[in-house]
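Asker: Can you read through this structure? Questions will come right after.
The values are calculated or read from the model by the stated rules, or taken from the named source; none is laboratory data. Since the model is a prediction, treat every value here as computed from it, not as a measurement. All Cβ positions, glycine included, derive from the backbone under ideal geometry; neighbour counts span all protein chains shown.
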Amino acid sequence: MTSIEWRKEFETGFPEVDKDHAQLIDAINALTDRFGENPPKALVRDVLHEIYVKISDHFAVEEKIMREHGYDRYDEHKADHEFLLDEIRAIMKSVGEGPDFVPGELLIRRVSRWFTEHFKTSDARLHRMLG
């Protein structure tokens, strides 16, 4: 299974946030590794739910930091978080639809693309503004 790799360019400069990001990526990789070749739908739903909860919890922490510092792009940043959560909910809803559906690979591709862009743009800007 493809995995998300931590890159130096993802660092925000906030040790708490960077540690959380790295642990989140590790958790996503570990959870999706449980899918195997033909996972049961119940396992896929459970794993996706675990990922959703971990990401949602992390976003709550990051959004709290932004509110506490009066971050000027809070609404835009929060909307980006909501986009990823919507993506994960859509994947959970579609589990088992179609014979070629590969939930783990799809999740990793979508989440990896999102993390790469979000870390390099939105989170980097947040660090510059608050750092």
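Asker: Out of (1) of a type outside the set (S, T, Y); (2) at pLDDT 80 or above; (3) touching a Lys or Arg at 6+ places or on another chain (Cβ under 9 Å), what's the single condition that is false for V53?
Answerer: Tallying (1) of a type outside the set (S, T, Y); (2) at pLDDT 80 or above; (3) touching a Lys or Arg at 6+ places or on another chain (Cβ under 9 Å), V53 fails exactly one: (3).
Asker: In this structure, does V44 turn out to be surrounded by 17 or more Cβ atoms within 10 Å (Cβ to Cβ), of a type outside the set (S, T, Y) and over 20 Å from E117 (Cα atoms)?
Answerer: In short, yes.
Yes/no matrix, rows are residues, columns are (1) under 11 Å from the mean Cα position of the chain (by Cα); (2) modelled with pLDDT of 85 or more; (3) assigned to a loop (DSSP other than H, G, I, E, B):
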| position | (1), (2), (3) |
| --- | --- |
| F35 | no, no, yes |
| H77 | no, yes, no |
| H81 | yes, yes, no |
| G98 | no, no, yes |
